[in-house]
1. In square angstrom, what is the accessible area per residue of the protein assembly as shown with a 1.4 angstrom probe?
2. Between A:Tyr11, A:Tyr78, A:Tyr177, which gets the highest mean-square fluctuation from a Gaussian network model of chain A, Cα cutoff 10 Å?
3. Using a 1.4 Å probe on the protein heavy atoms, what percent of the accessible area of segment B:6-99 belongs to carbon and sulfur?
4. With n ≥ 4 as the cut-off for DSSP H runs, can you work out [θ] at 222 nm for the protein assembly as shown, using -39500 (n - 2.57) per run divided by the number of residues, rounded to the nearest 500?
5. Where in chain B are the helices, taken as whole DSSP H runs, whose Cα atoms extend 27 angstrom or more along the long axis and whose Kyte-Doolittle mean reaches at least -0.5?
6. Sort shortest first the distances from B:Gly148 to its counterpart in every other copy, using label points 7 Å along the Cα-to-beta-carbon line, and give them in nm.
7. In sequence order, what are the phi-derived ³J(HN,Hα) couplings for segment A:164-172 according to the Karplus relation 6.51 cos²θ - 1.76 cosθ + 1.60 with θ = phi - 60°, rounded to whole Hz, with x for glycine and proline?
8. In Å² (nearest 100), what accessible area is buried between A and B, both sides summed, heavy protein atoms only, 1.4 Å probe?
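The values are calculated or read from the model by the stated rules, or taken from the named source; none is laboratory data. These numbers come from a predicted model, not from an experiment. Cβ atoms come from the backbone with ideal geometry, glycine included; neighbour counts cover every protein chain shown. Note: areas computed on protein heavy atoms with side chains; ligands, DNA, RNA excluded. Shrake-Rupley method; radii C 1.70, N 1.55, O 1.52, S 1.80 Å.
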2 protein chains.
Amino acid sequence: MSIRNPKQALYEQFAVVAKALGNPQRLELIEQLAQGPRSVEALAAKLARPVANVSQHLQAMRRAGLVTSERDGKFVNYRLADESVLGAFASIRVVAERHSAEVERIVRGYFDRRDDMEPVSREELAARMKDGLVTVIDVRPPDEFALGHLPGAINVPLGQLEQRLSDLEAKPEIVAYCRGPWCVMSFEAVALLREHGFNARRMEDGLPEWRDAGLAVEA
Amino acid sequence: MSIRNPKQALYEQFAVVAKALGNPQRLELIEQLAQGPRSVEALAAKLARPVANVSQHLQAMRRAGLVTSERDGKFVNYRLADESVLGAFASIRVVAERHSAEVERIVRGYFDRRDDMEPVSREELAARMKDGLVTVIDVRPPDEFALGHLPGAINVPLGQLEQRLSDLEAKPEIVAYCRGPWCVMSFEAVALLREHGFNARRMEDGLPEWRDAGLAVEA
DNA sequence: GCATCATTCAATAATTATGTTGAATGAACT
DNA sequence: AGTTCATTCAACATAATTATTGAATGATGC
């Protein structure tokens, strides 16, 4: 029976989606796109990869239904198809975190040296923001900040943090966040702030997760 | 990509997991394993694939952390690593359902065909039986079958149908019947057969009506 | 029209994934 | 010890994926 029954045909389609997620560069593109729509050129610059290569990966994701594209002048802007794409990314990350010895090794080796940096959850941060007890800094580059950030957050790109320490208000606590749970910049920011005597922590998640949770975003 | 920062290393690990999900056969194995632990042999039988092939897919999934295996006598039982694997499967399915035109096409085609499960009338069936164009299956329990059935019909109780699919002759069409026009079993039988790629319909009436119409009955 | 520039395409080469076959392994049973 | 049998391995062929390069496309602005 070389006939393909509908069930198998469906599995093939599901596999197409999973395959489109099965590449580190494409996952990185997804994380970038989670910040907002981007042109091919901008993404290529972020990943430091050839434009043609990024374009091909984006097209592969478009064929799988992960992203959509729209021409704007001479640019083509890609964006995530919807939040379910981030959901799939997140659930894959959960599997990897739970079952990949390699992930544990990497995480312990790189992140856990600083795991006294207990992260602040979205909910806790939202509550403390309301009470005005916290200064929130967004350590992402200005272009990403411009496309959306936590209400009241101030943008201090990591590279400028050290020069701008004196600008920071001395509220009881400073919370730094960036692109997502694995984004290194917020770790480095907190490390630097603590070095200079600030009471600093990082938010557990990044802006995409904050937005997906239905919390307010400022533009 | 010769230097690999920890972030990229993590993306690579996430990609390993997604890649392991990016194959229709492995997705089907996951669905089977969702029912409970299974041996390689049992899975190979279910998927109707060579044992060595299934074994390799299972090992690929084990390397990615999706499943675990445990020896039990001469069998090796595989099981899902945990429920997060099903979560990943589900979230991929959601993406596919929302964004794949192909999935929509398959689903619509499949259900439409189910809806128009046009029954075969007694007269039409009798004619097609004479021409040898049709395999007739009686999905009632064996005791009822023994008391009388359509000439040439084979008895395949509904519960055994899935295991005995390979026994079925590949005539142009299969017609299932049971106790009467309101007997659910023939509906289910036809649905199952179509799922597996057979061209199947149900007879409008059951055996009593057939007999009452004066048509031949075998005992 | 013509030049510019972001994006896409096409061709190539290298790597990886997949399925098939038959042999090897290793536990259980006689 | 030898046999059986589920599973795994190894070798091979084929197909798919990926990165790279340079050229083609197509919208924009002069």
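1. Numbers: 21070 Å² over 438 residues.
Result: 48 Å² per residue.
2. A:Tyr11
3. On the way: 2000 of 4260 Å².
That fraction is 47 percent.
4. On the way: 21 runs with 222 residues, N = 438.
Calculated at 222 nm, the ellipticity per residue is -15000 deg cm²/dmol.
5. Working: long enough: none.
Both cut-offs are met by no helix.
6. When each copy's label point is compared with this one, the spacings are 7.0 nm.
7. Per-residue couplings from phi come out as 9, 4, 6, 6, 6, 5, 8, 5, x Hz.
8. Values: alone 12200 and 13270 Å², together 21070 Å².
Answer for the A-B pair: about 4400 Å² buried.
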